[in-house]
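Any read-out appearing in this document is the output of simple, stated calculations on the displayed coordinates, not a laboratory observation. Because the structure is a prediction, the values reported are computed rather than measured. Positions of Cβ are generated from backbone atoms using ideal geometry, with glycine treated the same way; all protein chains shown enter the neighbour counts.
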Amino acid sequence: MKLVLATRNAHKAREFATLLAPHEVIALPDDVELPPETGETFLENARDKALTAARATGLHAIADDSGIQSAALDGRPGVRSARFAGEHATDEQNLAKLLRDAPAGSGLAYVCALVHADPATGAIVHAVEGRCTGTLAATPRGDGGFGYDPAFLPDDLPGERTMAELEPHEKDAISHRGRAARELRALIDG
């Protein structure tokens, strides 16, 4: 199945192309404007983006909204993960704020809501959520991944490697996005 991915994030596009194979994940056309992420949950934001992309392209569309939740910060930054340090903050600025605001060793969870929308019905076909738990590293390490990966120590792998220090196949096996994508692929393949 051909699936248009409702994102402008090149990192996510590469991950989903691998995770959803053999389905073909194609880029969102440049002329499609995605709605602002104003939802209070990851699922609301993913739903709005998937429906927008399906309507605009006439293709089956998928969209995710994902982020990090800190136990020490009562679940923040959550849906504001990409804007934690400000509306136009970089990944580095957001990570630096998390490291300032939350203590090393505190609990974290990556969350990914992934939604599949059908253009023919204008409805959501599938909605899934993937989670990956871990702890906050004292200092960032590694040059793989993106976002908060350099300070996320996953519970699923023994040792002290951050998500940014994992090989792509290791990260895909345990990440929130990997878990959500495998669940969605199983539903699509039915």
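So which GluC sites (Glu not before Pro) in region 144-190 end up in coil per DSSP with only 13 or fewer other C-beta atoms within 10 Å? The partial results should precede the final answer.
On the way: sites: Glu160, Glu165, Glu170, Glu183; in loops: Glu160.
Those satisfying the criteria are Glu160.
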query: Counting DSSP beta bridges with both partners in the chain, what percentage is antiparallel, nearest 5?
result: 80
- prompt: Can you give the helix-only mean residue ellipticity at 222 nm for the chain, where every DSSP H stretch with n ≥ 4 adds -39500 (n - 2.57) and the sum goes over all residues, rounded to the nearest 500 deg cm²/dmol?
  reply: -9500 deg cm²/dmol
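Kindly state, to the nearest 0.05, the FRET efficiency for Arg141 paired with Ala21, given R0 = 25 Å and r defined as their beta-carbon distance. Spell out each step's value before the answer.
Details: r = 29 Å, r/R0 = 1.18.
E between Arg141 and Ala21, to the nearest 0.05, is 0.25.
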- request: Would you mind checking the tilt of helix 91-101 against the longest principal axis of the Cα atoms of the chain, expressed as 0 to 90 degrees and rounded to 10?
  value: 50
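So if I take the alpha carbon set of region 2-189, get Rg, then get Rh from the Kirkwood formula, what is the Rg over Rh ratio?
Details: Rg = 16.1 Å, Rh = 16.6 Å.
Expressed as Rg/Rh, it is 0.97.
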message: Using each residue's phi in region 41-50, evaluate 6.51 cos²θ - 1.76 cosθ + 1.60 at θ = phi - 60° and report the 3J(HN,Hα) Karplus result to the nearest Hz, with x for Gly and Pro.
response: 10, 4, 4, 4, 5, 5, 4, 4, 5, 5
query: Roughly how big is the chain's charge dipole about its Cα centre, with Cβ charges of +1 (Lys, Arg) and -1 (Asp, Glu), in debye to the nearest 20?
result: 80
message: Can you compute the modelled spin-label distance between His169 and Arg100, with each label point 7 Å from Cα toward Cβ, in nm?
response: 4.1
query: Got a sec? How would His169, His116 order by Cβ neighbour count within 10 Å, fewest to most?
result: His169, His116
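Starting from 0.36 nm per residue, how many nanometres of slack lie between Ala10 and Leu187 once their C-alpha separation is accounted for?
On the way: separation 177, 0.36 × 177 = 63.72 nm, distance 2.48 nm.
Stretched fully, the Ala10-Leu187 segment lengthens by 61.2 nm.
Based on the Cβ-Cβ distance from Arg161 to Glu33, what FRET efficiency comes out when R0 is 35 Å, to the nearest 0.05? Could the numbers behind the result be given before it?
Details: r = 39 Å, r/R0 = 1.10.
Approximately 0.35, to the nearest 0.05.
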- line: Sorted by chain and then number, the residues having a modelled amide H within less than 5 Å of the amide H of Val125, at least 5 places away or on another chain, are His116, Ala117, Asp118
